[in-house]
Each structure stands twice: as C-alpha cells, then as structure tokens.
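Inspection log for the structure reproduced underneath, given as structure tokens.
The numbers here are math on the coordinates, done by the rules we state, and not lab data. Remember, predicted model here, so these are calculated numbers, not experimental data. Ideal geometry is used to build each Cβ from the backbone, glycine not excepted, and the neighbour counts take in all protein chains shown.
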C-alpha cells in the first residue's frame, strides 16, 4: 500500500500505519492481481458528498480497468449511503485519470495548490479586525455554506485525532476556516475571504503546534495563492477539483 500511495506523486510521505488503520482502512477499497494489491481507492462520506481522496494503481497494472472498477464500486456504496454528489482532486497532467472521471460524469470545478511554509521564516501577521479561535460546532454550517464545503466536513474533521478546527470572523461575520492536523502537520480545508484573513489563520495554526513546518492546500482562491507566492513560497503541487452528481 505504501508503494501505491507514492504512486499518487503528491510529494508527501505515505501515512503511518497508525494513521492508515485509524483513519483510512475502513473506507479503503482494493483490487488484487495474483494475490497482490494492484490498486486502491480511499474515500470519505461527508453528509451527502462522496469525497474520493485517493485513487492509485500499480504502474504495471495500469489501463487494465482496476481504477474504473473501484470507482464504480465506490459510487454504488455512496448512493446506497445517501450521497448525492461525488468529488475528488486530480493532478492536471494526469490525463488518463481525467478521462476516466469525465467519462463517469465529473467536471472540473476549480484549481487548487499545495504549499509548505516554515514558521521560523514566515512573516508574523498582525491582521487587524480578524478574530481567530477554535470554531464552535454551532458555527460549522455558516462557514461550510460561506465557502462551499460539504455539509458536515468540519464536524468530521473535529472528530479525527490531532485535529483543531479554527475559525476566523471579522465584524462578527464568517471570514475563514482552517482544519489543522497537528500530526501531519498541515491544513485541509483552508479557506479565507482575503489574504489578511489567511494570514490570521496561519498565525492561529502557529499557536497550536510545536512544529516549525506546516502544509496547506489553497482551494479556488488565486488571491491567497498570490499572497503566499509574494511571501516567497512556491506550490509543490497543483491539483484540479472535479465534481459531479451521483445519479440514481
């Protein structure tokens, strides 16, 4: 499985055994060939959204239909569980995967970029008028609606080990949210209405970790990407978000 994770080419280490067992194994589907795992798919059910997080196939077994079979099997599981939408992320140069997803009814929604920053060299923010704190559960729905997140995504994140869900408000209105994973460490989702709000959320993450490094995925926010790049960061991964209906 670790070799297949590396086949995703995300420039991230494979999950630890503890993380895989505790957070991934229950919703990971596998295909086998000659007694060996030849492909796997990891998904999350978030309310009415089926979020496919990983799809990987061993190089020697590609273009044999394993990924499509896993994808269709997982779509059936999602429908049975009441999901109405499916979404995923894919590298823009992975043309074979994109063809598969488009043939299964998904379409590109927006672009995202993954960054890594080091707190020791990243400027300290003094964003005025923005308040950040652990997000109260009763505010989840407002922030999910504000940033187009699947309903229930923040509650799910809050229930996972080592996670802190941080919210940002300005003049009492929702302005941003960051789900910080102290075990990784990194943020996903990370949403902010302005670069100033994003800077305040980075400071909030700095306050809850002893690590000097943090990763974050900036989704559908070119202005936040531009701010990070202006601070000297370069994305180590670019991805496209695809989504589509789960037809009955």
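Within region 117-136, being over 24 Å from residue 212 (Cβ atoms) and surrounded by 11 or more Cβ atoms within 10 Å (Cβ to Cβ) holds for 129, 131, 135. Would you mind stating whether residue 70 is part of a helix (DSSP H, G or I) and either closer than 25 Å to residue 189 by Cβ or touching a strand residue (DSSP E or B) at 6+ places or on another chain (Cβ under 7 Å) (or both)? Against the criterion (part of a helix (DSSP H, G or I) and either closer than 25 Å to residue 189 by Cβ or touching a strand residue (DSSP E or B) at 6+ places or on another chain (Cβ under 7 Å) (or both)), residue 70 qualifies.
Looking across region 188-239, the residues that are within 16 Å of residue 146 (Cα to Cα) and in a loop (DSSP other than H, G, I, E, B) come down to 193, 194, 220, 221. The number of residues in region 78-113 that are more than 21 Å from residue 239 (Cβ to Cβ) and without any contact (Cβ under 8 Å) to a residue 24 or more places away in the chain comes to 1.
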